[in-house]
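Some notes on the structure that comes next.
The values are calculated or read from the model by the stated rules, or taken from the named source; none is laboratory data. Values in this document were obtained by computation on a predicted structure and should not be read as measured data. Counting neighbours? That spans all protein chains shown, and the Cβs are built from the backbone with ideal geometry, glycine included. Each accessible area value is taken on the protein alone, full model and side chains, heavy atoms only, with ligands, DNA and RNA left out. Shrake-Rupley method; radii C 1.70, N 1.55, O 1.52, S 1.80 Å.
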Amino acid sequence: MYESVLDLFIRRRSIRSYLDKPVEKEKIDTILKAAFVAPSTCNNQPWEMIVVTEKSIMDEIRAKFSFANYNAPCAIIVCANTHLCRNIKGMYIFDCSAAMQNMLLCATALDLGSLWVGVYGEQSIKKISDIVGLPKHVVPCGIAYIGYANEVKGPREQFNDKRVYEQVYDINRKHRARPKNMKKLT
Ligand SMILES: Cc1cc2nc3c(=O)[nH]c(=O)nc-3n(C[C@H](O)[C@H](O)[C@H](O)COP(=O)(O)O)c2cc1C
């Protein structure tokens, strides 16, 4: 498999429908290796990953997270062990986000579908911590759904030169946010 890095990035899409087919352990291991080479603050590498493939646990996640009610056969919960964050606190969300993106891109390279499921706020943190038994010092930062895609989503570019400035910011430039009434995420 050979493709340009940019083509790979453009090919990654959020997949919300999966085949009833498990992901091979070797592929999961490759995805985890991709996560562990992410950049991190002071090279702290504060991440710990929970790989969930048991259907009963997946079902519990689906039931408790309405924005994650998709039939992926596998989830990798990206956690930060705050005891591993030396020198500077509060940066682990960036470290874990870098690890997450590495995983999604690696999954794409392996022809797997993936989805970043957000874990945000006390309630969500408690819900997922209870499901997989996390102690207080291990903070869930996000969930990667992984599986074989049961939907076809085309690659698409989103480049917008209005968001790029030369040397200094231009306060007169007007921007449009994504329309509020756009119900379906595509
Ligand atoms: C931090 C973060 C949290 C997200 N949480 C969810 C989520 O809970 N459920 C979901 O279906 N998609 C979630 N997404 C995926 C976005 O909706 C998706 O990336 C966006 O619509 C763009 O589509 P694309 O990934 O196909 O480019 C999340 C993405 C990010 C970066």
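Scanning region 3-20 for residues that are among the acidic types (D, E), open to solvent by 80 Å² or more (accessible area, probe 1.4 Å) and modelled with pLDDT under 95 yields one hit, D7. Filtered by the rule that a residue be open to solvent by 30 Å² or more (accessible area, probe 1.4 Å), more than 13 Å from the ligand (Cβ to nearest atom) and within 18 Å of the chain's Cα centre (by Cα), region 116-142 gives I125, V132. Residue count for region 116-159 satisfying the condition of being of a type in the set (F, W, Y), part of a loop (DSSP other than H, G, I, E, B) and touching a residue at least 24 places away in the same chain (Cβ under 8 Å): 1. Only one entry in A72, A80, A98 is open to solvent by less than 30 Å² (accessible area, probe 1.4 Å) and assigned to a loop (DSSP other than H, G, I, E, B), namely A72.
Among the residues of region 50-70, those identified as away from the ligand (no atom under 11 Å from the Cβ) and either modelled with pLDDT under 95 or among the hydroxyl-bearing types (S, T, Y) (or both) are T53, S56. So for region 21-38 (the condition being touching a residue at least 24 places away in the same chain (Cβ under 8 Å), closer than 18 Å to V138 by Cβ, surrounded by fewer than 18 Cβ atoms within 10 Å (Cβ to Cβ) and within 15 Å of the ligand (Cβ to nearest atom)), does at least one residue qualify? Scanning region 21-38 turns up no residue that is touching a residue at least 24 places away in the same chain (Cβ under 8 Å), closer than 18 Å to V138 by Cβ, surrounded by fewer than 18 Cβ atoms within 10 Å (Cβ to Cβ) and within 15 Å of the ligand (Cβ to nearest atom). For K162, the requirement of being modelled with pLDDT under 95 and either assigned to a helix (DSSP H, G or I) or buried (at least 19 other Cβ atoms within 10 Å of the Cβ) (or both) is met. Might you check whether a residue that is acidic (D, E), away from the ligand (no atom under 12 Å from the Cβ) and not in a helix (DSSP H, G or I) occurs anywhere in region 104-115? Yes. I171 - would you say it is open to solvent by 100 Å² or more (accessible area, probe 1.4 Å) and of a type in the set (V, I, T)? Here the answer is yes, as I171 does meet what is asked. In region 1-67, counting only helices (runs of 4 or more DSSP H) that sit wholly within it, the ones holding 2 or more residues that are more than 22 Å from D111 (Cα to Cα) and among the acidic types (D, E) span 55-64. Evaluation of L6 against the conditions (1) of a type outside the set (D, E); (2) without any contact (Cβ under 8 Å) to a residue 24 or more places away in the chain; (3) more than 21 Å from D95 (Cα to Cα); (4) more than 15 Å from the ligand (Cβ to nearest atom) shows that the sole unmet condition is (4). Any residue in region 143-150 that is within 10 Å of the ligand (Cβ to nearest atom), in contact with a Gly (Cβ under 9 Å, 6 or more places away or on another chain) and open to solvent by less than 100 Å² (accessible area, probe 1.4 Å)? So far as region 143-150 goes, yes, one or more of its residues are within 10 Å of the ligand (Cβ to nearest atom), in contact with a Gly (Cβ under 9 Å, 6 or more places away or on another chain) and open to solvent by less than 100 Å² (accessible area, probe 1.4 Å).
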